[in-house]
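The values are calculated or read from the model by the stated rules, or taken from the named source; none is laboratory data. Everything numeric in this text was worked out from a predicted model, so none of it was measured. In this analysis, Cβ positions are derived from the backbone assuming ideal geometry, glycine residues included, and neighbour counts consider all displayed protein chains.
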Amino acid sequence: MVSKKIKPVLRKINPWSSLARMPRSMWAVSFATFINRAGSMFLTFLAIYLTKYQGYSIDYAGYVLSAYGIGSLAAGPVVGKLADRFGNLPIMKLSLLLSAFVLFLFPFFHEFWMIIVLTLVLSWVSEAFRPANLALISDIVKPEDRKIAFALNRLAINLGFSIGPLLGGFLIMFDYHWMFIFDGLTSLSALGFLMITTLSKEEKERRAERELNKEVESSEKVNPFRDPRLIYYVIALSPVYIVFFSQISTISLYVVNELKFPEPVIGALFLVNTAMIIFLEVPLNNAMVDWEDRKLLSLGGVLTGIGFGLFAFSHNIPMLVICIVILTFGEMIFSPASANYLAEIAPVHSKGMYMGFLQIVFNISLFIGPAAGAFMMEGLGSKWMWISCFFLSIIGVLLMWRMRTGHEKLATANE
């Protein structure tokens with residue numbers, strides 16, 4: 001009796017205590033994810049590589065970044081079917097192997113059309129790791145622990161990202177080719193780690209158990225395309241996510257090409273972002289657990305807009321750090337609330353379909369954001385590009401403030 005009363009208190013004091021319940025297989029998956037993400041520097045420095053090393057214009061860099069978005073957009077639904085048919089772990093291994101192969105090829109091709117093709121292929125095979133990884137976690141972790149498991153996976157991703165850009169910034173000071181080589185080697189290292197684990201047996205056992213307990217599809221399933229809350233959600237959140245993903249091209253181009261800082265500064269700024277997420281995101285959301293999702297989304301959108309808008313007036317490293325801190329607080333508040341809102345409004349038998357819309361928002365924003373940011377920086381100049389990011393975020397905030405709460409029932413669902 002005492003323990004039941006103490007456990008919630010302990011979770012408040014130490015939000016990491018629940019990770020102790022994770023099985024060894026989950027830690028193995030997380031470690032492989034960490035190794036893979038520790039080499040993630042390709043996308044961070046791609047725009048700089050194309051403009052500074054290959055001599056292409058910012059417009060052309062925007063086209064290449066958009067190609068990456070197109071590839072990642074196509075990966076999700078196709079990979080999901082492949083993982084269901086051949087298993088999640090084999091798809092993860094194949095993703096790592098093919099990613100390394102394409103990365104090793106990249107330095108040997110300089111023609112623009114070949115760079116586009118390689119970027120498309122790389123985005124498709126590398127992004128195939130993510131849905132298969134999440135599906136594998138669902139297979140090897142008990143349902144009541146999945147939320148904790150996904151948090152651990154996110155922690156591994158961010159720890160890896162805290163290392164990747166920083167290493168990349170130093171590697172490209174010697175030669176840009178080292179960026180591709182190191183990224184490919186980390187993919188092979190993660191593959192090697194997965195090869196010596198015993199995850200496949202656990203995956204099959206959990207898959208068999210899930211099939212035995214599979215529920216019959218409900219005839220009351222709601223068509224998500226007829227849910228006005230969901231459609232409004234996609235429209236309202238897209239402006240903020242487009243602004244957020246624009247940083248892939250805009251921050252690196254602004255810091256290196258315009259402010260003339262060396263490449264390691266980019267890595268250091270991303271390190272600030274990732275360190276804040278690792279150490280503050282869970283406690284911050286724990287403190288705001290009773291806040292309504294609509295308010296959290298609006299606050300996160302405002303902070304994101306302010307963080308990006310301040311770049312227009314930031315010409316030294318301290319101000320750049322302040323911008324990163326503000327927009328990171330926005331990200332830490334906005335991202336969890338966006339998923340939680342969908343979980344609240346989704347019918348019991350349609351949660352997977354509803355969550356799929358969040359991935360669609362991600363991928364469309366990844367397709368539009370980097371290219372739009374680069375084009376606006378080229379056409380309007382960096383100052384007006386940053387100011388436009390602020391106003392676009394505020395448009396999203398105004399839309400989100402009018403969203404229905406997650407507890408409101410859809411009238412048509414009960415008719």
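Assorted remarks:
- Single match in PHE161, PHE108, PHE104, PHE129 (criterion: in contact (Cβ under 8 Å) with a residue 40 or more places away in the chain and either more than 15 Å from the chain's Cα centre (by Cα) or farther than 24 Å from MET195 by Cα (or both)): PHE104
- You will find that of GLY309, GLY267, GLY305, the residue that is modelled with pLDDT under 85 and surrounded by 21 or more Cβ atoms within 10 Å (Cβ to Cβ) is GLY267 and no other.
- Residue satisfying condition, being under 18 Å from the mean Cα position of the chain (by Cα) and either assigned by TED's automatic domain parsing to the domain that holds ILE248 or part of a helix (DSSP H, G or I) (or both), within set LEU284, LEU271: LEU271
- Note on segment 314-329: among residues that are assigned to a helix (DSSP H, G or I) and free of Cβ contacts under 8 Å to residues at least 40 places away in the same chain, the one that is surrounded by the fewest Cβ atoms within 10 Å (Cβ to Cβ) is PRO318.
- Yes/no for VAL265 being closer than 30 Å to PHE357 by Cβ and part of a helix (DSSP H, G or I): no
- Qualifying residue in segment 333-341 (condition: at pLDDT 85 or above and within 13 Å of the chain's Cα centre (by Cα)): yes
- Among residues of segment 243-272 that are in contact (Cβ under 8 Å) with a residue 12 or more places away in the chain, those with a beta-carbon under 7 Å from a residue that is surrounded by fewer than 17 Cβ atoms within 10 Å (Cβ to Cβ) and not hydrophobic (A, V, I, L, M, F, W, C) at least six positions away or on a different chain give the pairs LEU259/HIS315.
- Annotation: of all residues in segment 47-76 being part of a helix (DSSP H, G or I), among the small types (Gly, Ala, Ser) and more than 19 Å from the chain's Cα centre (by Cα), the one that is surrounded by the fewest Cβ atoms within 10 Å (Cβ to Cβ) is GLY62.
- Residue, modelled with the lowest pLDDT, within segment 283-302, restricted to residues that are aliphatic (A, V, I, L, M) and closer than 27 Å to ILE235 by Cα: VAL289
- Scan segment 346-388 for residues that are over 22 Å from the mean Cα position of the chain (by Cα) and either at pLDDT 80 or above or in a helix (DSSP H, G or I) (or both) and the total you get is 16.
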